[in-house]
Every structure is written in C-alpha cells, then in structure tokens.
Amino acid sequence: MFYYSTRNKNDKTAFSTAALTGLAPDGGLFVPEEIPQYTAQVKSSLGSMDFRDIAFETIKPYVKDEIPDSALSDIIQSAFTFTAPLVAVADRFTAELFHGPTAAFKDFGARFMARSFSYLRRGEERPLRILVATSGDTGGAVADGFFDVPGIFVTVLYPKGRVTSLQERQIAGLGKNISALSVEGSFDDCQRLVKAALADEGLKKRMALSSANSINISRLIPQAVYYSAAAGRIFAGLTDPDGEATPRVAGFVNRQEKHSGAPAILCVPSGNFGNLTAGLYAMKMGAPVKQFIAATNINKTVPDYLNSGEYLARISQATISNAMDVGAPSNFERMSAHFSWEEMRRIILGVSVSDDETKETITRIHEQAGYFLDPHSAVGWKGVDKLRAENKIDSSPTAILCTAHPAKFSEVVEPLVGKPPVPQSLSMAMERKVNSKTIPAEVTALIDALV
Ligand SMILES: *Cc1c(COP(=O)(O)O)cnc(C)c1O
C-alpha cells in the first residue's frame with residue numbers, strides 16, 4: 001500500500017515514511033492510494049468478532065508491507081487494552097470511545113501510533129522529536145501514548161487558558177520525555193506553528209521531526225476500527241454487557257437488541273475531522289454504515305460547506321465542547337482528496353449545536369435515561385435530535401460516538417447533573433503538577449523553545 005500527498009498524487013510514499021514524517025514535504029496530508037476492502041468473511045462477522053481481531057483485519061492492509069503480522073498483532077494487543085462498548089441508551093446507541101487512559105477516543109490512535117513508531121524506528125540511533133498541537137484532548141492522549149517510549153521526545157502545544165485543568169495536567173504533568181508549551185493564541189495558532197516548524201529546513205537539519213496530530217495517518221487508520229465494531233454490532237443486534245466502567249446509574253439495563261440487519265447512522269462530534277475521516281474509511285472498507293452525521297458546535301465550517309459547496313475557514317470560537325473548537329479543520333483536505341462535494345453530501349449530513357442546546361441535552365438525557373453525556377457527545381446527541389425533527393434522517397438504528405468521558409469535562413457536567421463517576425486514570429492525573437512554558441504564537445518562539 002502506498003500513500004500520496006493530498007497536494008500531489010504522483011508523490012508516492014511507504015507507510016513508514018508517511019507515519020514518521022507526518023506531513024508531506026509539499027505541506028499536504030498523506031492519504032492511502034486506495035481504501036482496502038474487508039473480505040466477505042470478515043464483513044459478515046464484524047458484529048461478533050473480538051475487538052482486537054477487528055483491529056487486526058482493519059489495520060493490516062494499510063501496513064502489511066512494513067509491519068509483519070506478528071508485530072502488528074503485538075502492537076494491537078498492547079495498544080488496545082480497552083474496547084469501545086456499544087450501549088443502548090433511550091432511543092439510540094452510544095459507542096463509548098472513552099475507556100482508554102485519558103478518557104477520550106484519541107487514546108486509540110495515539111497508543112497505536114506510539115507503538116508503531118517504536119516498531120518502525122527499531123535500530124535508529126537519532127532521537128525523534130514529535131510536535132503536537134492540541135485543543136485539549138489530543139495532547140493528553142499523545143503524551144500518555146508516548147510517555148517513557150525510549151528515543152522519542154514529545155512537545156505538546158496548547159492554547160493558553162483554553163483547556164480544562166484536568167487536560168492541562170494530562171498534557172503538562174507527565175514530565176520525562178514529554179514537554180508542554182502553553183501558546184498565547186488559539187488552537188489554530190498552535191496548529192499553524194506546528195505545521196511551520198515541521199516545514200522549517202533549518203530545524204529539520206538539526207533534529208528528526210514528526211507530528212502526532214490527526215493529520216498523522218498512523219493515528220487515523222486505527223480509529224476506523226471502532227466504527228466497524230459499532231456498525232457491525234448494530235447490524236447484528238448486539239450491545240455490550242455491563243462490566244466496562246460505563247458512567248451509568250444503577251437501574252439502567254443493557255438489552256439484547258433485535259437483529260437489526262440494517263446499516264447504521266453514525267453521528268460523529270467533530271472538530272478537526274480526523275475521527276469522521278476514519279469513519280469514512282471504515283465505511284469504504286465495507287462496514288455497514290448508512291450515513292454519517294458531522295455534528296459540530298458553533299464552529300461549523302464543514303456543515304456550512306456541505307450546505308453551500310463553498311469552503312470558508314474561519315477563526316475558531318471558544319465553546320464548552322472545546323476539543324471541537326476548530327475553524328479550519330485540517331482533515332478537510334483529506335476528505336476532499338477522497339470525495340467530491342456531491343459525494344460528501346450524499347454520505348454526510350452536517351449539523352451545528354449551540355452551547356445552550358448542549359447543556360439542555362446533558363440535563364435532559366440524564367433525567368430521561370440516567371446517562372451522563374460529556375459536552376462533545378451531547379453535541380452529537382442533539383445533532384441527531386435536530387436532524388430527526390427536520391426529517392433529514394430516517395429511523396435507521398443510530399449511534400452517537402461518545403468521544404469523551406463525562407468526568408473529563410466535570411466543569412460543565414457537574415453543575416448541570418451532579419458528579420459523574422470518575423475513572424481511576426482521571427483521578428490519578430488530577431494529582432499531577434503542571435509544568436509548562438508560555439510562548440507567544442510565533443514560529444520563531446517555537447523554534448527557540450525546541451533548539
Ligand atoms: C478531538 C475530539 C473531538 C474532535 O475530533 P476530531 O477528530 O478532531 O474531529 C471531539 N470530541 C472530543 C472529546 C475530542 O477529544
């Protein structure tokens with residue numbers, strides 16, 4: 001499997017180069033030259049397969065020339081120590097993507113990336129410096145994924161004052177090979193600085209550099225796994241038994257659903273659109289997905305594009321679902337490399353949700369179903385409500401991809417519905433001390449901090 005830059009179809013690269021460099025030399029994003037297909041056998045058993053077996057079948061065709069089966073299997077066993085339970089809640093499903101160590105879906109991508117980097121760089125002497133811009137959750141997941149990995153150093157850039165105190169501790173509390181820069185600007189500024197540093201010839205001569213944003217293809221591919229698992233289980237009519245630490249109150253009972261035999265509508269709370277792009281890959285591979293919903297907060301660049309055909313990037317605005325405060329989603333370039341506007345409109349419905357609607361949803365669903373939604377997942381929930389009210393989606397089985405654990409955003413959740421149960425990994429992170437350096441939103445300041 002080769003990868004090419006979204007800006008030059010003729011420039012083909014192997015998976016290892018695409019993963020380790022992060023961004024193509026021309027500033028484009030790497031995309032696979034084709035989307036592989038599940039075999040008929042895998043396709044028909046997605047609903048009952050073990051999560052890690054789905055991971056193996058999903059990722060293998062993308063890396064098979066460079067990571068042998070046995071190594072891939074080891075990477076998956078060590079990265080995916082948790083799964084994504086599918087839970088029936090009220091009139092829909094939630095795919096809980098927050099059972100990893102930092103309690104957000106980004107653990108899937110970050111942990112796979114860290115372990116595959118380690119494998120691909122075996123025998124390398126020169127240390128690797130990874131730069132990552134975060135609006136909140138990426139930084140923690142990447143820091144955690146790479147923590148203590150020999151030969152790899154990580155620098156996380158986050159917008160000063162725009163992440164929660166827990167997120168800041170996850171980003172800037174680990175130490176060792178992980179360092180943190182608090183940038184006087186927005187997430188888009190952080191992202192711009194990372195892109196500029198990765199393209200800086202002088203810096204590249206001095207150190208081996210890579211990125212770990214969702215622009216990195218090795219983070220994106222493993223995220224396709226839970227789409228196939230969720231869609232497969234919905235198709236087969238199975239939800240997951242209790243046992244995972246789901247934030248449910250007593251009395252909520254998992255049901256054995258009817259075999260729906262229907263492709264699912266999957267609603268993805270979106271910011272930088274890496275998650276949704278991974279979903280598109282899963283669908284193309286053959287997962288039983290009928291349609292996607294791209295649910296955003298008021299940063300609705302992509303929903304507007306889907307409506308009008310015109311792409312207008314803008315400055316991001318701060319919201320209570322801050323991991324989605326993105327005005328210029330970088331994965332849009334990747335989506336456009338695979339799909340025209342007409343195709344995207346057929347597959348993806350856009351919807352935007354305000355902070356007030358988000359809060360109202362958290363309160364309402366807790367009242368109705370005893371279920372705690374974090375603000376990002378609540379954007380997804382409300383997005384489905386709105387599209388249903390407008391008759392834009394039918395009664396196909398529908399799942400919300402719950403992107404973060406509600407306890408991760410207790411600043412928002414607790415005043416509305418009380419304290420959600422806190423997973424142990426989060427209570428441990430709260431004990432850490434923040435150690436970060438503040439820099440202005442200028443490329444020279446970033447370069448000075450690195451050399
Ligand atoms: C990162 C993140 C998102 C947005 O995901 P993208 O891949 O950037 O679209 C949504 N919710 C949470 C909790 C996140 O951490």
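The values are calculated or read from the model by the stated rules, or taken from the named source; none is laboratory data. All of these numbers come straight from a predicted model, not from anything done at the bench. Positions of Cβ are backbone-derived with ideal geometry, glycine not excepted, and every protein chain shown enters the neighbour counts. To get the accessible areas, we keep the full protein, side chains included, count just its heavy atoms, and leave off ligands, DNA and RNA. Shrake-Rupley method; radii C 1.70, N 1.55, O 1.52, S 1.80 Å.
I need every pair where a residue in region 372-389 that is open to solvent by 10 Å² or more (accessible area, probe 1.4 Å) has its Cβ under 6 Å from the Cβ of a residue that is of a type in the set (D, E, K, R) and more than 12 Å from the ligand (Cβ to nearest atom), sequence separation at least 6 or different chains.
Cβ pairs passing all conditions: Lys382/Glu357.
Among the residues of region 93-108, are any away from the ligand (no atom under 16 Å from the Cβ) and open to solvent by less than 10 Å² (accessible area, probe 1.4 Å)?
no
Failed condition for Asp137, given (1) under 20 Å from the mean Cα position of the chain (by Cα); (2) open to solvent by less than 10 Å² (accessible area, probe 1.4 Å); (3) more than 16 Å from the ligand (Cβ to nearest atom); (4) closer than 16 Å to Ala212 by Cα, with all others met?
Result: Asp137 passes all but (3).
List pairs: first residue in region 129-151 and at positive phi, second residue within 16 Å of the ligand (Cβ to nearest atom) anywhere in the structure, Cβ distance under 6 angstrom, at least six positions apart or on different chains.
Listed by first residue and then by second, the contacts come to Gly136/Val163; Gly136/Gln167; Gly136/Asn322; Gly136/Ala323.
Among the residues of region 307-334, write down those that are crowded, with 18+ Cβ neighbours inside 10 Å and among the hydroxyl-bearing types (Ser, Thr, Tyr).
If the condition is that a residue be crowded, with 18+ Cβ neighbours inside 10 Å and among the hydroxyl-bearing types (Ser, Thr, Tyr), then Ser316, Thr319, Ser321, Ser330 are the ones that fit.
Could you say which residue among Leu72, Leu157, Leu131 is buried (at least 24 other Cβ atoms within 10 Å of the Cβ) and at pLDDT 95 or above?
Just a single option satisfies the conditions, and that option is Leu157.
Give me the pairs: first residue in region 318-335 and touching a residue at least 40 places away in the same chain (Cβ under 8 Å), second residue among the charged types (D, E, K, R) and near the ligand (Cβ under 7 Å from one of its atoms), beta-carbon distance under 7 Å, and six or more apart or on different chains, which are they?
From residues that are touching a residue at least 40 places away in the same chain (Cβ under 8 Å), the pairs are Ala323/Asp137.
Considering (1) at pLDDT below 95; (2) in a strand (DSSP E or B), say which one Ser182 fails and leave the rest.
Single failed check for Ser182: (1).
Within region 427-451, take every residue that is touching a residue at least 60 places away in the same chain (Cβ under 8 Å) and closer than 30 Å to Gly380 by Cα and give me the one that is surrounded by the fewest Cβ atoms within 10 Å (Cβ to Cβ).
Ranking the qualifying residues of region 427-451, first place goes to Met430.
Exactly one of (1) among the acidic types (Asp, Glu); (2) more than 21 Å from Ser73 (Cβ to Cβ); (3) within 21 Å of the chain's Cα centre (by Cα) is unmet by Glu34. Its number?
Going through (1) among the acidic types (Asp, Glu); (2) more than 21 Å from Ser73 (Cβ to Cβ); (3) within 21 Å of the chain's Cα centre (by Cα) one by one, Glu34 breaks only (3).
Can you say whether Leu266 is under 17 Å from Ile393 (Cα atoms) and under 16 Å from the mean Cα position of the chain (by Cα), as far as the supplied structure shows?
Criteria met by Leu266.
Let me confirm something: among Gly279, Gly350, Gly286, which residue is open to solvent by 10 Å² or more (accessible area, probe 1.4 Å), modelled with pLDDT of 95 or more, within 13 Å of the ligand (Cβ to nearest atom) and among the small types (Gly, Ala, Ser)?
Gly350
Of a type outside the set (Lys, Arg), farther than 24 Å from Phe15 by Cα and part of a helix (DSSP H, G or I): does that describe Ile171?
Answer is yes for this residue.
If you scan region 374-429, which residues turn out to be in a helix (DSSP H, G or I), at pLDDT 95 or above and more than 16 Å from the ligand (Cβ to nearest atom)?
The answer is Asp385, Lys386, Leu387, Arg388, Ala389, Glu414, Pro415, Leu416, Val417.
I need the full set of residues from region 242-262 which are closer than 28 Å to Ala40 by Cβ and either among the aliphatic types (A, V, I, L, M) or modelled with pLDDT of 95 or more (or both), in order please.
The one that is closer than 28 Å to Ala40 by Cβ and either among the aliphatic types (A, V, I, L, M) or modelled with pLDDT of 95 or more (or both): Ala262.
Among the residues of region 190-199, are any within 27 Å of Gly279 (Cβ to Cβ), under 20 Å from the mean Cα position of the chain (by Cα) and surrounded by fewer than 22 Cβ atoms within 10 Å (Cβ to Cβ)?
yes
Does region 76-91 contain any residue that is among the hydroxyl-bearing types (Ser, Thr, Tyr) and within 20 Å of Ala18 (Cβ to Cβ)?
no
Matching residues to (1) more than 12 Å from Ala429 (Cα to Cα); (2) of a type outside the set (Val, Ile, Thr); (3) open to solvent by 10 Å² or more (accessible area, probe 1.4 Å):
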residue: Gly161; (1), (2), (3): yes, yes, yes
residue: Ser165; (1), (2), (3): no, yes, yes
residue: Ile171; (1), (2), (3): no, no, no
residue: Ser179; (1), (2), (3): yes, yes, yes
residue: Val183; (1), (2), (3): yes, no, no
residue: Asp188; (1), (2), (3): yes, yes, yes
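Any chance region 264-273 includes a residue that's touching an Asp or Glu at 6+ places or on another chain (Cβ under 9 Å), within 16 Å of the ligand (Cβ to nearest atom) and open to solvent by 20 Å² or more (accessible area, probe 1.4 Å)?
Within region 264-273, none of the residues are touching an Asp or Glu at 6+ places or on another chain (Cβ under 9 Å), within 16 Å of the ligand (Cβ to nearest atom) and open to solvent by 20 Å² or more (accessible area, probe 1.4 Å).
For Gln424, which of the numbered conditions (1) over 25 Å from the mean Cα position of the chain (by Cα); (2) open to solvent by 30 Å² or more (accessible area, probe 1.4 Å) fails to hold?
(1)
Among (1) open to solvent by 10 Å² or more (accessible area, probe 1.4 Å); (2) at pLDDT below 90; (3) outside any loop (DSSP other than H, G, I, E, B), there is one condition Thr239 misses while meeting the rest; what is its number?
So Thr239 meets the others, but not (3).
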